[in-house]
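All remarks here apply to the structure that follows.
Computed from the coordinates by the stated procedures, all read-outs in this text should not be read as laboratory data. Remember, it's a predicted structure, so these values are computed and weren't measured experimentally. Cβ atoms come from the backbone with ideal geometry, glycine included; neighbour counts cover every protein chain shown.
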């Protein structure tokens, strides 16, 4: 295996590892649909403590999937770039979760 290929595969594995939790998938799907959200909104949607949501956001940020923009005391999160959005759309489409009218009906306890 060529070193460049190995580096590319390692980057892909890191990307997928960052998504390898239902809460993080829910967060990125919501960001993909809404464009941006703050922690309070995600906390309400996920019905999870702020500390839990913040830990998941931290992992997504460290992996380079999302970015936060501070405005006063509030931080609004969005997907880092279009490449991330394209990959997420492909993953969700492959699983049949994106582009369906019943997406929100499948998870009534949250808005993800």
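Among 45, 37, sorting on how many other beta-carbon atoms sit within 10 Å of each Cβ, with the fewest leading, yields 45, 37.
Taking neighbour counts of Cβ atoms within 10 Å as a proxy for exposure, in what order, fewest first, do 21, 56 appear? Show your work: numbers first, answer last.
Numbers: 21 13, 56 21.
Ascending number of Cβ neighbours within 10 Å: 21, 56.
The alpha-carbon positions of segment 3-94 define a convex hull whose volume is 102 Å³ per residue.
Extension gain, residue 21 to residue 93: 0.36 nm times the residue separation minus the Cα-Cα distance gives 24.2 nm.
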